[in-house]
Structure formats: structure tokens, C-alpha cells
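A.B. asks: Here you go, one structure.
The values are calculated or read from the model by the stated rules, or taken from the named source; none is laboratory data. All values reported here derive from a predicted model rather than from experimental measurement. Here the Cβ positions follow ideal geometry from the backbone for every residue, glycine too, while neighbour counts run over all protein chains shown.
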Amino acid sequence: MEAGIRNNRKAFTLLEVAIVLILIGILIGIVVRGTQTSYTAKVNATVECYRVNLYAVENYFNIYRRYPGDYDGDGKIENDAIPILRTNGFDVKVENPFGGTFNVMWRNFPGVDSGNYIYSDRIPINLDSLIDAKIDDGNLEYGRYRRISNVSYLKF
């Protein structure tokens, strides 16, 4: 009998460890890629929401010769225009893909141009700059699209 030969494995071989690490790397790559695709889809959907709301405001203005919520005719939207647009049958987006809401009103910020804005909250700041690049100039501190106090504003 061969008493000296035993199959007494106490560890994995280098090849087994390498295969497991490669599989883990592939799985991580798939998960990361899927997450990036999800964020890209949400960014594109948010840009589309801003466009839909802007088109609704512009169409309302073209029909009624005043902005929705501009009761005194001075060009300032005093009340949120989203409910007014919906009541009048315009297609508007109420929520953004991140769970925030859209509003359309005149705003006055210190050091920033006052005017009518479409604005929304709960947009992650790291993705907000991507939205700005698609809508405006890519800089959240300048241009038509800005971020002030965790709220994103598009001036029109």
C-alpha cells in the first residue's frame, strides 16, 4: 500500500484563486456598467422633462399671449404654472426621474438674474452637471441652467 501518498489539500491552488478573481471582476464590471446606464437614462429623461415643460409654457404663451400664472400681465409667473398648464390640457412633467418635483415660477435670487424659471429638486449634484452640459454650458454657476441651494433652475 501506498501509505505515504495522501490527498491532504488545505488551500486553493493559484489557478482556482485566479479564476474566482476573474469572475468577480467580470461581475463588478457588469454591475458598474448597469449603474452607469441607469444614471445616463435618468439624465436624459430629466433633460426631456425640462424640454416638455418649456414647450408647454411656450405654447401656452403663443395661444394666450401671456404666461400661465401671470395674472397681472407683467411677464412674471406669480403662481406655479404646472397645475395651470395641466388644467388647460398641456402635457407637462410633474416629477423628475429622481423623485423630485417640477415647478414653473418667477424667482429672484441675490446675485443671479431674476426671471421665470423651470426648477426641480432632488437631482444629484454629480448628475446635475451632466444635465447642464446637455441643456446649457456645463457650468452650474453660470448660464441659463443653474443649481442654487440644492435646487436646479432653468431660466427661460
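A.B. asks: Would you confirm, using the coordinates I've provided, whether Ala41 is over 18 Å from Lys155 (Cα atoms), within 20 Å of the chain's Cα centre (by Cα) and of a type in the set (Gly, Ala, Ser)? Break it down into steps so the answer makes sense when it comes.
C.D. replies: On the way: over 18 Å from Lys155 (Cα atoms): yes; within 20 Å of the chain's Cα centre (by Cα): yes; of a type in the set (Gly, Ala, Ser): yes.
Taking the combined requirement at face value, the residue satisfies it.
A.B. asks: With part of a loop (DSSP other than H, G, I, E, B) and modelled with pLDDT of 95 or more as the only criterion, which of Ile63, Ile77 stands out? Step through it out loud before you land on a result.
C.D. replies: Numbers: Ile63 fails: part of a loop (DSSP other than H, G, I, E, B).
One residue alone meets the criteria, Ile77.
A.B. asks: Looking at the structure I just gave you, is Thr35 of a type in the set (S, T, N, Q), closer than 30 Å to Tyr153 by Cα and either assigned to a loop (DSSP other than H, G, I, E, B) or modelled with pLDDT of 90 or more (or both)?
C.D. replies: Values: of a type in the set (S, T, N, Q): yes; closer than 30 Å to Tyr153 by Cα: yes; either assigned to a loop (DSSP other than H, G, I, E, B) or modelled with pLDDT of 90 or more (or both): no.
Considered against the rule, which asks whether it is of a type in the set (S, T, N, Q), closer than 30 Å to Tyr153 by Cα and either assigned to a loop (DSSP other than H, G, I, E, B) or modelled with pLDDT of 90 or more (or both), Thr35 comes out as no.
A.B. asks: When the residues of segment 55-86 are filtered to those that are surrounded by fewer than 17 Cβ atoms within 10 Å (Cβ to Cβ) and among the small types (Gly, Ala, Ser), which remaining residue is farthest from Ile135 (Cα to Cα)? Before you say what the answer is, go through the steps one by one.
C.D. replies: Taking segment 55-86 as the starting set, the residues that turn out to be surrounded by fewer than 17 Cβ atoms within 10 Å (Cβ to Cβ) are 55, 58-59, 61-66, 71-75, 78-80, 83, 86.
Subsequent filtering for residues that are among the small types (Gly, Ala, Ser) retains 73, 75.
Working: Gly73: 28, Gly75: 23 Å.
Here the residue is Gly73.
A.B. asks: Let me ask you something else. Take the residues in segment 9-27 that are loosely packed, with under 10 Cβ neighbours inside 10 Å and assigned to a loop (DSSP other than H, G, I, E, B); name whichever of them is farthest from the chain's Cα centre (by Cα).
C.D. replies: Ranking the qualifying residues of segment 9-27, first place goes to Arg9.
A.B. asks: Being loosely packed, with under 14 Cβ neighbours inside 10 Å and within 15 Å of Val47 (Cα to Cα) is the filter here, so list the residues in segment 95-122 that pass it.
C.D. replies: So in segment 95-122, the residues loosely packed, with under 14 Cβ neighbours inside 10 Å come out as 95, 99, 108-111, 113-114.
Glu95, Gly99 - these are the residues of segment 95-122 that are loosely packed, with under 14 Cβ neighbours inside 10 Å and within 15 Å of Val47 (Cα to Cα).
A.B. asks: Can you work out which of the residues in segment 134-156 that are loosely packed, with under 14 Cβ neighbours inside 10 Å and not polar (S, T, N, Q) is modelled with the highest pLDDT? Spell out the reasoning first.
C.D. replies: Pass one, segment 134-156, residues loosely packed, with under 14 Cβ neighbours inside 10 Å: 137, 139, 141-142, 149-150.
The next check asks that each one be not polar (S, T, N, Q); those that pass are 137, 141-142.
Working: Asp137: 94, Glu141: 91, Tyr142: 90.
Result: Asp137.
A.B. asks: Tell me, yes or no, whether segment 88-110 has at least one residue that is touching a Pro at 6+ places or on another chain (Cβ under 8 Å), among the hydrophobic types (A, V, I, L, M, F, W, C) and assigned to a helix (DSSP H, G or I).
C.D. replies: no
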